[in-house]
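The values are calculated or read from the model by the stated rules, or taken from the named source; none is laboratory data. Keep in mind it's a predicted model, so treat the numbers as computed, not measured. A quick note on method: Cβ atoms are made from the backbone with ideal geometry, for glycine too, and the neighbour counts reach across all protein chains shown. Surface areas here come from the heavy atoms of the whole protein model, side chains and all, with no ligands, DNA or RNA. Shrake-Rupley method; radii C 1.70, N 1.55, O 1.52, S 1.80 Å.
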Amino acid sequence: FFVPLVTTRMAYHRYVETRQLFEQTITALANAVDARDRYTRGHSNRVSHIAEAMGRVMKLDESEIEKITWAGLLHDVGKIGIADAVLRKPERLTEAEYAIIKGHPALGASIMGPIRQLKDIIPGMRHHHEALDGTGYPDGLAGGEIPLIARIIAVADLGQHLVAGLL
C-alpha cells in the first residue's frame, strides 16, 4: 500500500514541477518579446488576461480558456524574428516594412510549432490578424474559417491597442 502511494505522490510532484516550468518558460518568452519595444511592454499579458475574461464570459470550458490564455500570451512571439529597425521604427512603415511585420503571426506559429503540447494554440497565434471579410493575414481566411481562438485573441489584441492608444 505504501509503495504505490509514494510513487503516485512523486509522479504528481513531478507533474506539478513540469507544469510550473512550462508556464514560467512561456511567460518568460512572452516577456522577452514585449521587452523589445517599450510601447508594448506587458502587452502580451494584457491580451492574455482580456482573452481569458472573454472566454469566461462566453462560458467556454476550462481547457478552452487555458488554450486562449496561452495563445494570448504568445500571439506576438513571431516579432522575435523582426529586425529592431522595423519593429521599433518611430515613423510610418513603408509597404515593404509592413509586409515584414505582417509575417509575425506565421513566424510565431513556425517557431512554436515543434512544441506538440502547443498544437491547439498555434491557430490562435497564426490567425489573430485575419479579418472576417478575408482581407487579413497571413492566410486571408474569412468568417467561420478563422478559428474561434484566433477571433478571441484578435478582439483582445485590438481592445488592448485601443486602450493603450496605440491605434
Inter-residue pairs, beta-carbon under 8 Å, first closer than 15 Å to L73 by Cβ and in segment 9-36, second open to solvent by 60 Å² or more (accessible area, probe 1.4 Å) and assigned to a helix (DSSP H, G or I), 6+ apart:
F22/Q117; A32/I80; V33/I80
Please enumerate the residues belonging to segment 56-78 that are more than 21 Å from P138 (Cα to Cα) and of a type in the set (V, I, T).
V57, I65, T69
Give me the pairs, please: first residue somewhere in segment 145-156 and within 14 Å of R126 (Cβ to Cβ), second residue anywhere and acidic (D, E) and open to solvent by less than 40 Å² (accessible area, probe 1.4 Å), beta-carbon distance under 7 Å, and either six or more positions apart or on two chains.
I146/E130; A150/E130
Among (1) at pLDDT below 95; (2) open to solvent by 70 Å² or more (accessible area, probe 1.4 Å); (3) within 21 Å of Y137 (Cα to Cα), G81 falls short only on (2)
Out of the residues in segment 124-149 that are part of a helix (DSSP H, G or I) and more than 19 Å from V33 (Cα to Cα), state the one that is nearest to the chain's Cα centre (by Cα).
I149
Quick check: anything in segment 99-113 more than 21 Å from T27 (Cβ to Cβ), in a helix (DSSP H, G or I), open to solvent by less than 60 Å² (accessible area, probe 1.4 Å) and in contact (Cβ under 8 Å) with a residue 24 or more places away in the chain?
yes
From S44, S48, which residue is at pLDDT below 95 and in a helix (DSSP H, G or I)?
S44
Looking at segment 92-123, which of its residues are small (G, A, S) and under 15 Å from the mean Cα position of the chain (by Cα)?
G103, A106, G108, A109, S110, G113
What is the residue count in segment 19-50 for residues that are more than 22 Å from I80 (Cα to Cα) and either open to solvent by 90 Å² or more (accessible area, probe 1.4 Å) or under 15 Å from the mean Cα position of the chain (by Cα) (or both)?
2
Would you call K89 assigned to a helix (DSSP H, G or I) and basic (K, R)?
no
